[in-house]
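The block underneath contains the structure these notes are about, expressed in structure tokens.
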Amino acid sequence: MERARDSFANDIGLWVGVLGAPAIWSLQFLLNYALAPWSCPNRQIVLHLITLIALLAALIGAVLCWRQWKQAGEVAPELDEDGLFGRRRFLGALGILVCIMFAMFIVAQGLPTFFFDPCWN
């Protein structure tokens, strides 16, 4: 029972890393798009904060996946009877790649807020 509970807790961290970064990216995209007209008179800092918070959240997901990947790699393959560690290792590596890729997307979407004026029509 305790092993299943630990596995579930680890799986949550892995799936947050794999699926969380795309969700954070889409939320950042929608918030920046919706708040661009509102931020026109001198509130561009809000758009920068949204981008910074989204970037930090994506990188935290990458760190969580890296920790799970590292833990799963310490087990010898012949001792992995039920494939639990192999699955954790795969999802950890996938989560790291997904989080880094979507962190780059978040930075790419955040750059225009530094160069373009939201009041420009």
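Quick note: the coordinates plus some simple rules give every number you see, no bench work behind them. Quick caveat: nothing in here was measured; it's all calculated off a predicted structure. All Cβ positions, even for glycine, are placed from backbone atoms using ideal geometry, and neighbour counts span all protein chains on display.
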**Request:** Grab the Cα-Cα distance for Val63 and Met104, subtract it from 0.36 nm times how many residues apart they are, and report the gain in nm with one decimal.
**Result:** 13.2 nm
**Note, ³J(HN,Hα) from phi for segment 105-114, Karplus 6.51, -1.76, 1.60, rounded to Hz, x at Gly and Pro** = 4, 5, 5, 4, 6, x, 4, x, 5, 7
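Using r as the Cβ-Cβ distance of Arg87 and Ile45, and R0 as 41 Å, what FRET efficiency do you calculate, to the nearest 0.05? Walk me through the numbers on the way to the answer.
Details: r = 42 Å, r/R0 = 1.04.
According to the calculation, E is roughly 0.45.
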